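Below is one structure; the comments refer to it alone.
Values in this text are rule-based calculations from the coordinates and carry no lab data. What you see is a predicted model, and the numbers here were worked out from it, not measured in a lab. So basically every Cβ, Gly included, is an ideal-geometry build from the backbone, and we count neighbours across all protein chains shown.
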Amino acid sequence: MAEYSNVDIQTVNPGESVVFTESPVPCNRGLILHRDDTGSFLLRGYVPNIFGCQCQRGKTANYLVDFGANIAVPTGGTVEAISLAIAIDGATLPASTMIVTPAAVEQYFNVSRAINAAIFQGCCQTVTVRNTSNQPILVQDANIIFSRPDLAITR
């Protein structure tokens, strides 16, 4: 449905979000809002009525959020475990935490995680990828994809 990326090396401080600068496949349906050069994505809780059926009330809009990047400890940093996690409305989802322990500074590891983000019907919620480490980390080749299998068009 939508893909956003940043191939450049960026330093992400503790508690801050990974920044996405490119929108190779932006959402043209108005369900995902993003401003380039930020790390925040606003997901809309759109749940369609199927054939006028009101049976969808109280449901959630389920987005598959698939994130991947290369991460490392910057020069001058402490060689220890570093991590990123996906957050919804500022709350980090513990099951989305991606942890690596490099043996040296600037030694990159690939991390990835896919989660289901249930967005309340009729609401908007913010999704970010946050540095949950105790120190700044380097992030390169960040890529995030949002999809809604329930809205896929088949022919």
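Need one number: nm distance between label points at residue 40 and residue 78, each 7 Å from Cα along Cα→Cβ, rounded to one decimal.
Calculated label separation equals 3.1 nm.
So which chymotrypsin sites (Phe, Trp or Tyr not before Pro) in segment 41-137 end up in coil per DSSP with only 16 or fewer other C-beta atoms within 10 Å?
Qualifying residues, ordered by number: 46, 51.
Based on the Cβ-Cβ distance of residue 109 and residue 64, what FRET efficiency does E = 1/(1 + (r/R0)^6) give at R0 = 22 Å, to the nearest 0.05?
Rounded to the nearest 0.05, the efficiency is 0.40.
Note down the net charge around residue 43, summing +1 for each Lys or Arg and -1 for each Asp or Glu among other residues with Cβ under 15 Å from its Cβ.
Once all neighbours under 15 Å are counted, the net charge is +1.
Would you mind giving the average projected area, over all directions, of the Cα convex hull of segment 1-128 in nm² with one decimal?
If you wrap the Cα atoms of segment 1-128 in a convex hull and average its projections, you get 8.6 nm².
According to a simple spin-label model (label point 7 Å from Cα along Cα-to-Cβ), what is the distance in nm between residue 120 and residue 22?
3.7 nm
Please give the net charge around residue 82, taking every other residue with its beta carbon less than 14 angstrom from that of residue 82, where Lys and Arg add +1 and Asp and Glu add -1.
Around residue 82, the charge tally is -2.
Within the set of other residues whose C-beta is less than 15 Å from the C-beta of residue 72, count the net charge using Lys and Arg as +1 and Asp and Glu as -1.
-4
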